[in-house]
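Novice: Sharing a structure with you now.
The values are calculated or read from the model by the stated rules, or taken from the named source; none is laboratory data. Worth saying up front: this structure is predicted, and the values here are computed from it rather than measured. Methodologically, a virtual Cβ is constructed for each residue, glycine included, from the backbone with ideal geometry; neighbour enumeration extends over all protein chains shown. Remember, those area values only see protein heavy atoms, side chains included, never the ligands or the DNA or RNA. Shrake-Rupley method; radii C 1.70, N 1.55, O 1.52, S 1.80 Å.
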Amino acid sequence: MLKKSERRYALVALLEQNPFATDEQLAERFGVSVATIRLDRSALHIPEVRERIRRVASDRQDDVRSLDEQELIGRLVKLELNRYAESELAVVSSHVFRRTNIVRGHVLFAQINSLAIALMDADVAVTAKTELRFYRPVHLGDSVRARVDVIGEHGDVVRCRAISQVDSEIAVQGIIWVHKDPSNLGAEIMDEGEAR
């Protein structure tokens, strides 16, 4: 077990990497009680997870143009138009199959898809193509962190790398192409080989 000063130093470092970690997750990580984590946070003037999420969200640099922010699946936490975007989705009962409590695949796709659309510095953007692989099931109560990065452009088609994770485990990963000018969609898709 770490000494108090070592634990607090490690706590600060961990929360810089993952500001969305809950007190329960931190307590488990450090092998201490939730009350101890709360005392450490208080001594270090670190707010609770809800406030940390709010602060991260307010630190975003850009505003969404291509859709209404309410249309995003998950909470937008970072956005640099035409570069990258991140969102956080807290899995609730409406996202899962009742019998298994496993998240429906279209929910995970929707989080990535809406994030890729939000990332575009355009008035209108639509999904052109996706190649996603689902690596592990996601369950009720999980928190899914998604990130989409622009990795290339060909005309109005933007190629993006997408990844969704629960804690540090990959849930979904792949490529999504977004078209910034849907009026010309047919011509660009026929030439999709060059968009790679």
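Novice: Tell me which residues, restricted to the range 113-131, are open to solvent by 70 Å² or more (accessible area, probe 1.4 Å) and assigned to a strand (DSSP E or B).
Specialist: Listed by number, the list holds a single entry, Glu131.
Novice: Please give the number of the condition Val138 fails out of (1) surrounded by fewer than 17 Cβ atoms within 10 Å (Cβ to Cβ); (2) touching a residue at least 24 places away in the same chain (Cβ under 8 Å); (3) closer than 30 Å to Thr22 by Cα.
Specialist: All conditions are met except number (1).
Novice: Would you say Arg41 is farther than 21 Å from Gly152 by Cα, modelled with pLDDT under 90 and buried (at least 18 other Cβ atoms within 10 Å of the Cβ)? Give the steps one after another, and end with the answer.
Specialist: Details: farther than 21 Å from Gly152 by Cα: yes; modelled with pLDDT under 90: yes; buried (at least 18 other Cβ atoms within 10 Å of the Cβ): yes.
When the stated conditions are applied, Arg41 passes them.
Novice: Starting from residues that are touching a helix residue (DSSP H, G or I) at 6+ places or on another chain (Cβ under 7 Å) and part of a strand (DSSP E or B), keep the ones in the range 146-159 and report whichever is farthest from Ala85 (Cα to Cα).
Specialist: The first filter runs over the range 146-159 and keeps only residues touching a helix residue (DSSP H, G or I) at 6+ places or on another chain (Cβ under 7 Å), leaving 146, 148, 154-157, 159.
Okay, now just the ones that are also part of a strand (DSSP E or B), so 146, 148, 154, 157, 159.
Values: Ala146: 8, Val148: 5, His154: 20, Val157: 17, Arg159: 14 Å.
Checking each candidate, the answer is His154.
Novice: While we're on this one: With the checklist (1) at pLDDT 85 or above; (2) surrounded by 15 or more Cβ atoms within 10 Å (Cβ to Cβ); (3) closer than 20 Å to Lys180 by Cβ; (4) of a type in the set (D, E, K, R) in hand, flag the one item Arg75 doesn't pass.
Specialist: Only one criterion is unmet by Arg75, namely (3).
Novice: Give me the residue from the range 44-57 that is open to solvent by less than 80 Å² (accessible area, probe 1.4 Å) and under 30 Å from Val150 (Cβ atoms) and, out of that set, modelled with the lowest pLDDT.
Specialist: Of all residues in the range 44-57, those open to solvent by less than 80 Å² (accessible area, probe 1.4 Å) come to 44, 46-47, 49, 51-53, 56-57.
If we keep only those that are under 30 Å from Val150 (Cβ atoms) as well, we get 49, 52-53, 56-57.
Details: Val49: 79, Arg52: 74, Ile53: 69, Val56: 63, Ala57: 57.
It comes out as Ala57.
Quick grid of which residues meet (1) modelled with pLDDT of 90 or more; (2) touching a His at 6+ places or on another chain (Cβ under 6 Å); (3) not in a strand (DSSP E or B):
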residue: Val107; (1), (2), (3): yes, yes, yes
residue: Arg133; (1), (2), (3): yes, no, no
residue: Arg136; (1), (2), (3): yes, no, yes
residue: Val144; (1), (2), (3): yes, no, no
